[in-house]
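Take a look at the structure set out below.
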Amino acid sequence: MSNCAWRKDSPGGFAVRRTLRPVAGHLPRRRFGQNFLADRSVIGKIVAAIDPRAGDRLIEIGPGQGALTQALLERIPHLHAVEIDRDLAGGLLAHFTPEQLSLHVGDALAFDFAALGEDLRLVGNLPYNISSPLLFHLTDHIDRIRDCHFMLQLEVVERMAAAAGNKTYGRLSVMLQYWYRIERLFRVAPGSFRPAPKVESAVVRMTPRRPLPVIAHDYGVFTRVVAAAFSHRRKTLRNALRDLVPERAYQAAGVDPALRPETLGVAEFVRLADAIAVC
Ligand code: SAM
């Protein structure tokens, strides 16, 4: 059924493949962001960072040819995975038993992670073309997430983890740091993938903040303020947010309207958004 080179070599089922080999016949699909991990030491570092334990509910996004899946299944008996590419899905189903892998074939952007229960641990070498929408989609299920370990473009990880005042700090930093503690773990060179991407990558850990240190009264207003502020990051807050934030809201929030958006922390954006309602 599959184009992939999976080895079936155990009489009672499918043995976990011991060595990573190039996949015969499967041409990596650029539209699905297919850069397969081919470096065992990197795979080992990702698994060590996740530190999976029996009983953990792991969900891998984009298992591809199963390089990370296989390494995870050497530590835990079962995991879920969401894969959009039907050819690769066929290979995974041929290689792993149903006891090892529950495979959901489809688009992770439309996947209802809530259907998989609570205390979810998400992992994946993410397709870079959908990484930001996927990160935003996951915030819809934040109450069910224990943690996420993702490989992403280095530049995206730097934006996610940036502190206020940093030149890479922006909308992605504020919106994700509102929900998560974000740790950049380690860099991964292009040569660790087949085919090699044009950019460097990094592995990031995201841990939902519980309880949230600050809560926006109206999350929709908060997202609009942050989006508008960073669509004009060279302007002052007063100019960037002229249509959204009345002058007296700055005083109520204790925020200087002459500042640039990139100097404001998450809590200050929340205060500013909340102040709109009372001004
Ligand atoms: N985990 C594998 C590895 O590390 O070698 C593959 C990683 S590859 C960068 C990204 C994987 O995500 C591919 O298998 C691709 O088909 C899959 N993918 C791309 N878009 C997806 C989507 N919207 N939903 C689910 N999987 C997707």
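The values are calculated or read from the model by the stated rules, or taken from the named source; none is laboratory data. Since we're looking at a predicted model, the values are computed, not measured. In this analysis, Cβ positions are derived from the backbone assuming ideal geometry, glycine residues included, and neighbour counts consider all displayed protein chains. Accessible surface is based on the protein model in full, side chains and every heavy atom, while ligands, DNA and RNA are left aside. Shrake-Rupley method; radii C 1.70, N 1.55, O 1.52, S 1.80 Å.
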Expressed per residue, the solvent accessible area of the chain in Å² (1.4 Å probe) is about 46 Å²
In degrees, nearest 10, the alpha-carbon axis of helix 266-278 is tilted away from the dominant principal axis of the alpha carbons of the chain by 50 degrees
Given unit charges at Cβ for Lys, Arg (+) and Asp, Glu (-), the dipole magnitude of segment 29-161 about its Cα centre in debye, nearest 20, is 300 debye
Rounded to the nearest 10 degrees, the helix 40-50 long axis (Cα) sits at an angle to the longest Cα principal axis of the chain of 50 degrees
Among beta bridges assigned by DSSP with both residues in the chain, the antiparallel ones amount in percent, to the nearest 5, to 50 percent
For Ala196 and Ala267, extending 7 Å from Cα along the Cα-Cβ vector and measuring point to point gives, in nm, a value of 4.5 nm
Share of accessible surface on carbon and sulfur in segment 3-208, whole %, 1.4 Å probe and ligands ignored, is 51 percent
For the chain, the longest principal axis of the Cα atoms and the Cα long axis of helix 219-230 enclose an angle in degrees, to the nearest 10, of 80 degrees
The local net charge around Ala189, scoring Lys/Arg +1 and Asp/Glu -1 for residues other than Ala189 whose Cβ lies under 11 Å from its Cβ, equals -1
For segment 219-278, the accessible surface attributable to carbon and sulfur atoms (probe 1.4 angstrom, ligands and nucleic acids excluded) amounts in percent to 52 percent
Expressed in nanometres to one decimal, the distance between label points 7 Å along Cα→Cβ at Asp87 and Leu259 is 5.1 nm
Taking a crude spin-label model, label points 7 Å out from Cα along the C-beta direction, the Phe32 to His137 distance in nm is 1.4 nm
Output ordering of 231-244, 166-179 (per-residue mean of other Cβ within 10 Å, highest first) is 166-179, 231-244
Full extension between Arg233 and Cys279 adds, at 0.36 nm per residue less the Cα distance, a length in nm of 14.1 nm
